[in-house]
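Encoded as structure tokens, the structure appears first; notes follow it.
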Amino acid sequence: MSWLDIEYDLDLWLELPPRWTIGATEPWEDDDKRTPQEWAIETAALWWEEYEEDPGTGGVEFLADTLAACVEQYPKMFPGFEVLLYLPSPTALPLPVFVSNFPSEGEKISELRRVTLADDDGAVEPPIVEEFTTESLGTGLRVLRYSVDSESNAVISSLRYAWRNEEHGRDVIVITGSPVPTQVLRSLDDMDELAHSIVLRHNDYVAPDDADE
């Protein structure tokens, strides 16, 4: 078995506890009995404290309500995926990022194009498809795509990455999107950095700090 090891900047990224994601199996502080609302309130207060600015009247409460809504909504969109929130400031609209890996199937390039929607005929314009290489995962695809939501008619900006890791026999996928296209564009550099940090580990992997004990 394999699992994802993601190193992210704690000033920019916030992970939703896996115990609240549908189908996820990773442990999350087994003794943590907080409800989503309690977690959201405590996390919002800490996020503002780290930001070192006055939240003003209702600032912490507003962020807490936003985080609680994220816990309620986002894990249902891609069940079993790890969910990270891109939150460069406590006043920013959180951008959800979904990460997972699956057993490899089919021909590599065609499968990577399929999961990244690289050939989506319904896109507003041809998706921007680029090779994207990381030291750990090798060369995959990065696809920036614009589409129209069938219900709201809003233009949705989506960004997807995908790789095939032959050593593990797994495909890795990263997904994000927003009805505010500039939100995805502003996150591009940090999204690329996050993608470069993703490593597939075997279950018997021992972290260097643990090995030294």
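The values are calculated or read from the model by the stated rules, or taken from the named source; none is laboratory data. These numbers come from a predicted model, not from an experiment. As a convention, Cβ positions derive from the backbone with ideal geometry for all residues, glycine included, and neighbour counts pool all protein chains shown.
Against the definition (surrounded by 14 or more Cβ atoms within 10 Å (Cβ to Cβ) and touching a strand residue (DSSP E or B) at 6+ places or on another chain (Cβ under 9 Å)), how does Pro103 come out, yes or no?
no
Out of the stretch 137-191, which residues are of a type in the set (Gly, Ala, Ser), farther than 29 Å from Ser89 by Cβ and out of contact with any Ser or Thr (no Cβ under 8 Å at 6 or more places or on another chain)?
Gly138, Ser150
Which residue, of Leu87, Leu67, Leu93, Leu63, is surrounded by 20 or more Cβ atoms within 10 Å (Cβ to Cβ), touching a residue at least 60 places away in the same chain (Cβ under 8 Å) and more than 24 Å from Leu200 (Cα to Cα)?
Only one candidate passes the filter, namely Leu87.
Out of curiosity, is Lys76 farther than 15 Å from Tyr8 by Cα and over 16 Å from the mean Cα position of the chain (by Cα)?
No, not satisfied.
Is there a residue being touching a Phe, Trp or Tyr at 6+ places or on another chain (Cβ under 8 Å), of a type in the set (D, E, K, R) and surrounded by 17 or more Cβ atoms within 10 Å (Cβ to Cβ) anywhere in the stretch 120-133?
no
For the stretch 156-193, what are the residues that are surrounded by fewer than 16 Cβ atoms within 10 Å (Cβ to Cβ) and of a type in the set (Gly, Ala, Ser)?
Selection gives Gly169 alone.
Has the stretch 116-125 got any residue that is polar (S, T, N, Q), modelled with pLDDT of 95 or more and either within 14 Å of the chain's Cα centre (by Cα) or under 24 Å from Leu16 (Cβ atoms) (or both)?
yes
Name the single residue, out of those in the stretch 78-100 being in a loop (DSSP other than H, G, I, E, B) and touching a strand residue (DSSP E or B) at 6+ places or on another chain (Cβ under 6 Å), that is farthest from Val155 (Cα to Cα).
Phe81
Does Leu112 qualify as being under 17 Å from the mean Cα position of the chain (by Cα) and under 25 Å from Asp189 (Cβ atoms)?
No, not satisfied.
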